[in-house]
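The values are calculated or read from the model by the stated rules, or taken from the named source; none is laboratory data. Note that the coordinates shown come from a computational prediction; the quantities given were computed from them, not determined experimentally. Note that each Cβ is placed from the backbone with ideal geometry, even for glycine, and that neighbours are counted across all protein chains shown. Note: areas computed on protein heavy atoms with side chains; ligands, DNA, RNA excluded. Shrake-Rupley method; radii C 1.70, N 1.55, O 1.52, S 1.80 Å.
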Amino acid sequence: MTVTVDRSVEEFTAAPRQLFINGQWTTAASGKTFDTPNPATGQTLARIAEGDAADIDKAVGAARRAFDDGPWGRLTPSERGRIIWRIGDLILEHAEELAQLESLDNGKPYPVALAADIPLSADMFHYMAGWATKIEGNTIDISVPYMPGANFHTYTLREPVGVVGQIIPWNFPLLMAAWKLAPALTTGNTVVLKPAEQTPLTALKLAELIAAAGVPDGVVNVVTGFGETAGAALAAHPHVDKVAFTGSTEVGKLIVQAAAGNLKKVSLELGGKSPNIVFEDASPAAVEGAANAIFFNHGQCCVAGSRLFVQEGRFDEVVEGVAQIARSIRLGPGMESGTQMGPLVSDEQLRRVTGYLESGLADGATAVTGGTRHGDQGYFVEPTVLTNTRPDMKVVREEIFGPVVVAAPFSSIDDIAAAANDTDYGLGAGIWTQDISKAHALAKKIRAGSVWINCYNVFDASLPFGGYKQSGWGREMGHEVLEAYTEVKAVTTLL
C-alpha cells in the first residue's frame, strides 16, 4: 500500500519550480528547465528551472548587497539567533510535507526521512541558533621586543567571511542544506546554495520556510541547475568569499581548482571507504550494526561501512548474519508502506553501482548475496555482500556509494590498523568489541574523522564531522564549524 501524498506535496511538484534569488521566485535567465525523476519509477516528478552562470552571477550580486548593505549585518546576535531558531521550528511544522518530498525525490523510505532527516535538519538550526550570541574574540597581552616600555590594548574579532557559495549532494538533500546553511547564517554570512540537480525539491521548499522565518531578502539564494554550469560558476565566482562543498572527492578537486582564481576559502566534505571492524569478542549486536553501517540510506552515505573486517574466529558467522539481513530487506518505492530500502537516486548511479558489481565479480569476488540489479523498473540494486576480495580490487579501493560491502578476515589488532588505514580516504570507522581498552587503543591508530565504538552512523549537531586525507578539509557541525565561516581580525592600539 502506498502512503497517500499530501495535497500540498502534489501542488508543489505540479507547479514548475523556479530559482529563489533576492527573496523572489524567478525563471532561469536562459528560460531552460529540466526534469527531476522519481527514482522508484524513472518518471518525471517535477520540472525545475535550469540556472547557469548568469543566474549564479545574479544570486551572488544579491548576496553581496545583502552582506554589504542589507539589514542582516545590523541585527544583533540575539535577533539573528531567534530567526535561525524559527527556521528549525518551521521545518518541524512542515515535517510531513518535507519527508514526502524527500522520499519522492531521493527515493529513501518516507518513515526514515520523517524520523531522521527532518528532525536532524531542524536540530541543526536550533543548535546553531544558540551559537549566534557566543561568537567571541579575545584580549591579548602582547609583548613587542623592539618597542620596550610600550603599552598596547590588543584584541581579536571573529567576523563573517562574507558571501558563501554552498554546493550540496543528493544523498541527504535537506539535511546537507541544514548542515551548510545553519552555521553560515549563525556567523552572519550570506549564501548562494546550489542543490544537487538530482534532488532539488526540499532545498526549494526550505527557501520558502527561510523567507517565512524572517530572513531578509538576498541573504539566502537557491539556484538549481547542473554542476558543470551552475556549480562551476559558483565555485569560480570572483565575488564569492568562500565555497563549501559536500560530494565526491573527484569533484572536490575541481572545486579547489575553480576556487584558486580569487583564493577563496574552501571547506570540503568528500568521499569515504570506511572500515568497520568486528573483533571475536564483539556482542551479537555487531551483526546488525555491520548491516546498518552499509545498508543505511541504500549505501548512499559517505561514511558507509563498506569495508567489513571480521576477526577470523567470527568471520563466517558475521558475514552470513549480514547476508541474512541483506536478503530480508524489503526493496520498494520510498512512499510504499513496508519499504526498508528504496531505489538509488538516479539511472547514472544505478549504472555506477552495477558497474562496480560487474567489475568485482569479474575480478574473482564472490557474492554471498545480491550482486545485481533488482527488477526492471526504477533504480533498485540488491543489498550485496562480497567476499574473496583482494586489497587491489576496485570494489575494495574505490567508493561505490551503494548497498555493497566487501568482507575480509583479520587475525589481530596489530595488523587491522594498517588494513583499515590502507585507503585514500579517512572519513569514518567502526569498532565492535567488549574490550573497551582495545577499542580506544585502535581508535587512536585509525586515521578517520569519526570513529564509532559498538555503534555506527551516530550523528549529532554538537559533534564535529569531517575527514582525514582525501575525505576533505575542515569540519561540519559542532563549534568547530564556526571556524569555517569566520575570519579572525587582530586589532592593536598603542596606549
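As I understand it, the value is the acute angle between the Cα axis of helix 347-362 and the longest principal axis of the Cα atoms of the chain; what does it come to in degrees, rounded to 10?
40 degrees
When the label point is put 7 Å from the Cα of Ser359 along its Cα-to-beta-carbon vector, which residues of region 275-311 have a backbone N closer than 16 Å?
306-307
Sorted by average packing, counted as other Cβ atoms within 10 angstrom per residue and highest first, what order do 112-120, 382-390 take?
Put in order of decreasing packing, that is 382-390, 112-120.
Loop sites only, by DSSP: take the trypsin sites (Lys or Arg not before Pro) in the chain that have at most 13 other C-beta atoms within 10 Å and name the longest stretch containing none of them.
Here the longest run is 135-329.
Tell me the accessible surface of His374 in square angstrom (1.4 angstrom probe, heavy atoms of protein chains only), to the nearest ten.
80 Å²
Per residue, what accessible area does region 358-494 have, given a 1.4 Å probe and all protein chains present, in Å²?
Details: 6110 Å² over 137 residues.
Result: 45 Å² of accessible area for each residue.
Would you mind classifying region 1-94 by shape? Square roots of the alpha carbon gyration tensor eigenvalues, ordered a ≥ b ≥ c; an a/c under 1.5 is rounded, otherwise it is prolate if a/b is larger than b/c and oblate if not. If you can, show how the numbers build up before the last one.
Working: a/c = 3.50, a/b = 1.36, b/c = 2.57.
Taking the square roots of the gyration eigenvalues as a ≥ b ≥ c, region 1-94 is oblate.
Can you compute the modelled spin-label distance between Arg330 and Asp89, with each label point 7 Å from Cα toward Cβ, in nm?
Taking the simple label geometry, Arg330 and Asp89 are separated by 3.8 nm.
Keeping the other protein chains in place, figure out the carbon and sulfur percent of the accessible area of the chain, with a 1.4 Å probe. If you can, show how the numbers build up before the last one.
Values: 10100 of 19610 Å².
Carbon with sulfur: 52 percent of the solvent-accessible area.
Determine the shape class of region 35-153: with a ≥ b ≥ c the square roots of the Cα gyration tensor eigenvalues, call it rounded for a/c under 1.5, and otherwise prolate if a/b is greater than b/c, oblate otherwise. Before the final figure, lay out the partial values.
On the way: a/c = 2.97, a/b = 2.04, b/c = 1.46.
Note, shape of region 35-153 comes out prolate.
Roughly speaking, what is the centre-to-centre gap between region 82-130 and region 266-334 when only Cα atoms are used, to the nearest Å?
Spelled out, the Cα-based centre of one part sits 26 Å from the other.
Give me the angle, in degrees from 0 to 90, between the Cα long axis of helix 77-93 and the longest principal axis of the Cα atoms of the chain, rounded to the nearest 10.
40 degrees
Once mean projected area of the Cα convex hull in nm² is worked out from the coordinates, which option in (1) 29.9; (2) 28.8; (3) 25.3 does it equal?
Of the labelled values, this structure produces (3).
Taking the chain as the reference, fit the longest principal axis to its C-alpha atoms, fit the long axis of helix 436-445 to the helix C-alpha atoms, and give the angle between the two in degrees, 0 to 90, nearest 10.
So the helix axis and the longest Cα principal axis differ by about 60 degrees.
Accessible area per residue, 1.4 Å probe, Å², for region 54-147: what's the number?
Heavy-atom accessible area per residue stands at 46 Å².
According to the square roots a ≥ b ≥ c of the eigenvalues of the Cα gyration tensor, what is the shape class of region 321-438, taking rounded for a/c under 1.5, prolate for a/b larger than b/c otherwise, and oblate for the remainder? Write out the running numbers ahead of the final one.
Numbers: a/c = 2.08, a/b = 1.56, b/c = 1.34.
Verdict is prolate for region 321-438.
Go through region 364-370 residue by residue and turn each phi into a ³J(HN,Hα) via Karplus (6.51, -1.76, 1.60, θ = phi - 60°); whole Hz please, and just put x for glycine and proline.
With coefficients 6.51, -1.76 and 1.60, one gets x, 5, 10, 8, 5, 7, x Hz.
For Lys58, which aspartates and glutamates qualify as cross-link partners when the Cα separation must be under 20 Å and same-chain residues fewer than eight apart are set aside?
Glu50, Asp68, Asp69, Glu197, Glu208, Asp217, Glu228, Asp241
What FRET efficiency would be calculated for the residue pair Val256, Ala54, taking the C-beta separation as r and a Förster radius of 25 Å, to the nearest 0.05? Kindly include the intermediate steps, with their values, before the conclusion.
Details: r = 24 Å, r/R0 = 0.97.
According to the calculation, E is roughly 0.55.
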